[in-house]
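For reference, the structure I am asking about is given below.
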Amino acid sequence: MKRVVIGLSGGVDSSVAAHLLKEQGYEVIGLFMKNWHDDTVTISNECPWLDDSNDAMLVAEKLGIPFQTVDLSEEYKERIVDYMFNEYEKGRTPNPDVLCNREIKFDVFMKIALDLGADFVATGHYCRKGTIEKEGNDVFQLLAGVDDNKDQSYFLCQLSQEQLSKSLFPIGELTKPEVREIAMELDLVTADKKDSQGLCFIGKVKLPEFLQQQLKPKEGVIVEIPKEQALYQETEQNFSSTEEKLHYLSRKLDYKLEHGKIVGKHQGAHYFTKGQRKGLGVGGTIEPLFVIDTDVNENVIYTGQGKAHPGLYKSALFVTNAELHWIRKDLELQIGETLEVMARIRYRQALEKATLHKVATGMYVEFENPQSAITEGQFVAWYLGDELVGSGVIS
């Protein structure tokens, strides 16, 4: 019997994943990851990780598998929380869920599991793993989950071949309603538990509140940029190369106070992110205001009216070599090469047609249709068919 250690989160997905593994004949061990116990930042008196670890323990008991808790809060603080604050202070918007998977679940946690003699680590993600043979070697594929509505492959876009080789995703072939149904039949305590919202693993912590407790408030102004601003008037450009054109398309516009009018005040540019509509507290506009850019150095938020504001849209983005990651190393592009892919710049976004252009300093992703709120610090992931082959941090 091969031994599998599964991360039991106290949710329905990992509970059913554990059951399926047992049915498939694996020796299953449940581990609950405790990633946070700083009570100063939870926003309610509920103690989410205690409830969750209790539920995980009850599930393990019901399934008849050994269970223990591991405390990874130190690594979590160092690798996720500190990184996040650092990014926010630079005016970038990180994705904690993607980082959690790369740094905690499939690294720190995986090492603990392998030390326990595990052959594999399993999670309750809605995605699938494929294996193909290439030049006599096994190549592992990260495939989208069967449930289009729940596909979570995006969150695993930073995994390596080595991490994938030791991973199992038991519920990837199922839809969420099917997973709930199995949990009901087994009478698991997690059967109708709501999906967790909030910061990955920390439980009921809302990101803005969490940030506000850590990053000092600093009053600044909110500026509204009109749609007609000269910055948006496209003039005929003659580019000497594709790279020059891509550089132009992916450029960050340089907003100044005089480009618009001051319409309000805020408590810190680092609390806001591109595309954000809520929390600005500015009324009286015909269409709602959206954040089109933040300047953390000058502490200014630039906004525009309406979803269609030109300041929200760009048709290309850039990823530096240092932040470029191929799950499928064998498909990696060389300088000058291009590849047509489907890509997304956020979880839950429909896949969009795009072309990858590899240049000496990194890679451009050029979209067929302009994309709204391309945000520095977030991840872009690209697919061939239903296989996620690579990703990068938007620079």
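The values are calculated or read from the model by the stated rules, or taken from the named source; none is laboratory data. Computed from a predicted model, the values in this text were never measured in an experiment. So basically every Cβ, Gly included, is an ideal-geometry build from the backbone, and we count neighbours across all protein chains shown.
Does the stretch 58-71 hold any residues that are over 15 Å from Leu21 (Cβ atoms) and in contact (Cβ under 8 Å) with a residue 40 or more places away in the chain, and which are they?
Leu58, Val70
Search the stretch 294-323 for residues that are among the aromatic types (Phe, Trp, Tyr) and pair each with any residue that is in a helix (DSSP H, G or I) when their beta-carbon atoms are under 9 Å apart and the residues are at least 6 apart or on different chains.
If the second residue must be in a helix (DSSP H, G or I), the pairs left are Tyr302/His259; Tyr302/Gly311; Phe318/Leu246; Phe318/His247.
Continuing with this model, one more query. Based on this model, can you work out whether Thr235 counts as surrounded by 15 or more Cβ atoms within 10 Å (Cβ to Cβ), assigned to a loop (DSSP other than H, G, I, E, B), at pLDDT below 95 and of a type outside the set (Gly, Ala, Ser)?
Taking the combined requirement at face value, the residue does not satisfy it.
Specify the residue that is surrounded by the fewest Cβ atoms within 10 Å (Cβ to Cβ); the eligible residues are those in the stretch 339-374 that are of a type in the set (Phe, Trp, Tyr) and part of a strand (DSSP E or B).
Phe367
A further question follows. Only residues that are farther than 11 Å from Ser250 by Cβ and within 14 Å of the chain's Cα centre (by Cα): list them for the stretch 361-375, please.
Within the stretch 361-375, Thr375 is the sole residue that qualifies.
Also, quick follow-up: Looking at the stretch 10-42, which of its residues are at pLDDT below 90 and in a loop (DSSP other than H, G, I, E, B)?
Asn35, Trp36, His37, Asp38, Thr42
Further, regarding this structure: If you go through the stretch 316-333 one residue at a time, do you hit one that is part of a strand (DSSP E or B), acidic (Asp, Glu) and surrounded by 14 or more Cβ atoms within 10 Å (Cβ to Cβ)?
no
When you look at Glu103, is it surrounded by 15 or more Cβ atoms within 10 Å (Cβ to Cβ), of a type in the set (Asp, Glu) and within 27 Å of Lys77 (Cα to Cα), yes or no?
So Glu103 fits the description; yes.
Moving to a separate point now. Specify the residue that is farthest from Asp107 (Cα to Cα); the eligible residues are those in the stretch 76-95 that are without any contact (Cβ under 8 Å) to a residue 60 or more places away in the chain and surrounded by fewer than 18 Cβ atoms within 10 Å (Cβ to Cβ).
Checking each candidate, the answer is Asn86.
Right, here's the next one. All but one of (1) over 27 Å from Ser391 (Cβ atoms); (2) hydroxyl-bearing (Ser, Thr, Tyr); (3) at pLDDT below 95 hold for Thr303; which doesn't?
(3)
Does the stretch 291-315 hold any residues that are β-branched (Val, Ile, Thr) and assigned to a strand (DSSP E or B), and which are they?
Val291, Ile292, Thr294, Val300, Ile301, Thr303
Which of the residues belonging to the stretch 77-131 are modelled with pLDDT of 90 or more, among the β-branched types (Val, Ile, Thr) and in contact with a Gly (Cβ under 8 Å, 6 or more places away or on another chain)?
Across the stretch 77-131, the qualifying residues are Val121, Thr123.
Next question, about the same structure. For residues in the stretch 50-75 being buried (at least 16 other Cβ atoms within 10 Å of the Cβ) and assigned to a loop (DSSP other than H, G, I, E, B), which is modelled with the highest pLDDT?
Ile65
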